[in-house]
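Shown next, in structure tokens, is the structure this report addresses.
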Amino acid sequence: MTMNNTTLLDVDNISKYYGSGHTQVRAVRNISLQLDAGELVLIMGPSGSGKTTLLSMLGGLLKPSSGRIIIDNIDITDLKESELPNIRSAKIGFVFQAFNLLEALTVEENILFPAQLIPNQLKEAKKRANELINRIGLSKRRDALPATLSGGEKQRVAIAHALINKPPIILADEPTGNLDSQSGQDIMMVLHDIVRDDGCSVIMVTHDPRVEEIANRVLWLEDGSLNDRSENLHDWQHCPVCNMRVDALTAKLNGEFNAQQFVFCSTRCKERFEDNPTAYL
């Protein structure tokens with residue numbers, strides 16, 4: 001994948017707190033990162049680690065409690081709430097696990113919908129929509145409604161929907177989570193090719209380890225803190241209950257049974273194991 005030195009996202013020491021005093025919850029803790037044009041970066045980690053909170057802040061949907069977020073040279077941290085929709089429509093494309101398509105609109109109409117948020121762009125957007133429809137392999141289904149599409153087809157439409165305004169950054173939240181293995185792989189290659197050909201960048205939250213093969217970087221988020229797996233030594237093991245990969249070197253939940261050591265991704269998994277260890281061996 002061709003890289004260049006254009007920084008599209010600069011995150012400086014952001015945190016997100018809920019509540020105060022002894023009841024305060026720190027969902028995200030002092031995270032800094034940079035995203036360059038042409039990068040596909042994965043954020044992985046156990047459930048409840050702060051992934052969705054982080055992605056929401058990067059997308060301007062949630063304000064950080066501290067720190068700064070700069071998107072394509074625009075500091076969005078102190079912008080008014082009324083100013084953020086314009087930034088999101090022009091600078092960020094969102095891809096969600098649940099597709100988020102409008103059921104009453106056709107494939108083409110769903111893809112074009114975000115273009116209506118940018119003045120005087122609809123004519124050009126219609127040309128781009130046609131290109132995107134051909135690119136995602138749905139030229140024969142441009143007039144189909146979402147209810148008639150497969151899961152993989154819906155996610156392809158969602159990706160084209162995210163790309164219609166040519167945003168420099170794509171934020172994807174579990175884009176393969178509702179798809180079968182083959183459809184998930186197809187979607188990943190669509191995103192991979194978009195990064196390669198268009199020079200935009202993708203940050204993806206995922207639990208799918210297969211995605212690592214096409215990523216430039218894999219960041220591990222746990223307890224609200226971020227680690228770069230490409231720069232640290234890890235001892236990856238599998239949680240015996242849910243089979244999620246856990247770094248044994250930094251794992252906080254450990255256990256032993258019949259002289260064998262185990263690591264767990266969450267308190268819930270550890271409790272289930274302790275209730276009936278033999279069920280998971």
Pairs beyond 21 Å (Cα-Cα), from Lys91/Lys127; Lys80/Lys123; Lys123/Lys166; Lys80/Lys127; Lys91/Lys140 = Lys80/Lys123; Lys80/Lys127; Lys91/Lys140
task = State to the nearest 20 debye the size of the charge dipole of the chain about its Cα centre, where the only charges are +1 on K and R beta carbons and -1 on D and E beta carbons.
result = 560
key: Cysteines, the chain, no other Cys beta-carbon under 4.7 Å   = Cys200, Cys242, Cys269
note = The alpha-carbon center of segment 16-89 and that of segment 202-226 are separated, in whole Å, by 16
note = segment 55-193, Kirkwood Rh and Cα Rg, ratio Rg/Rh at 0.98
remark   = Per the rule of 0.36 nm per residue minus the C-alpha distance, extending Tyr280 to Gln260 adds in nm 5.9 nm
ask   = What number comes out for the charge environment of Lys51, summing +1 per Lys or Arg and -1 per Asp or Glu over other residues with Cβ under 14 Å away?
value = -3
GluC sites (Glu not before Pro) restricted to segment 77-169 and DSSP loop, no more than 15 other C-beta within 10 Å = Glu103
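Could you compute the longest span of the chain free of trypsin sites (Lys or Arg not before Pro) located in DSSP loops and having at most 14 other Cβ atoms within 10 Å, not counting the site residues?
Longest run free of exposed loop sites: 81-251.
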query = Placing +1 at every Lys and Arg Cβ and -1 at every Asp and Glu Cβ, with all other atoms neutral, what dipole size does segment 236-280 have around its Cα centre, in debye to the nearest 20?
reply = 140
remark   = Simple SL model, points at 7 angstrom along Cα→Cβ for Leu145 and Glu81; separation in nm is 3.4
remark   = Length gained, Glu131-Gln182, 0.36 nm per residue minus C-alpha separation, equals 16.0 nm
key: Ratio Rg/Rh, restricted to the chain and using Cα atoms, in which Rh is the Kirkwood radius   = 1.00
message = For Lys51, give me every one of the lysines with a C-alpha distance below 16 angstrom, ignoring sequence neighbours fewer than eight places off in its own chain.
response = Lys16, Lys63
message = List the residues, sorted by chain then number, that are 5 or more residues from Trp236 or on another chain and whose placed amide H is less than 5 Å from its amide H.
response = Ala248
key: Helical contribution to [θ] at 222 nm, DSSP H n ≥ 4, -39,500 (n - 2.57), averaged over the chain, rounded to 500   = -8000 deg cm²/dmol
task = Could you calculate the contour length gain from Gln24 to Leu61, that is, 0.36 nm times the residue separation minus the distance between their Cα atoms, to one decimal place in nm?
result = 11.2 nm
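Laboratory data are not the source of any read-out in this text; all were calculated from the coordinates shown. All values reported here derive from a predicted model rather than from experimental measurement. As a convention, Cβ positions derive from the backbone with ideal geometry for all residues, glycine included, and neighbour counts pool all protein chains shown.
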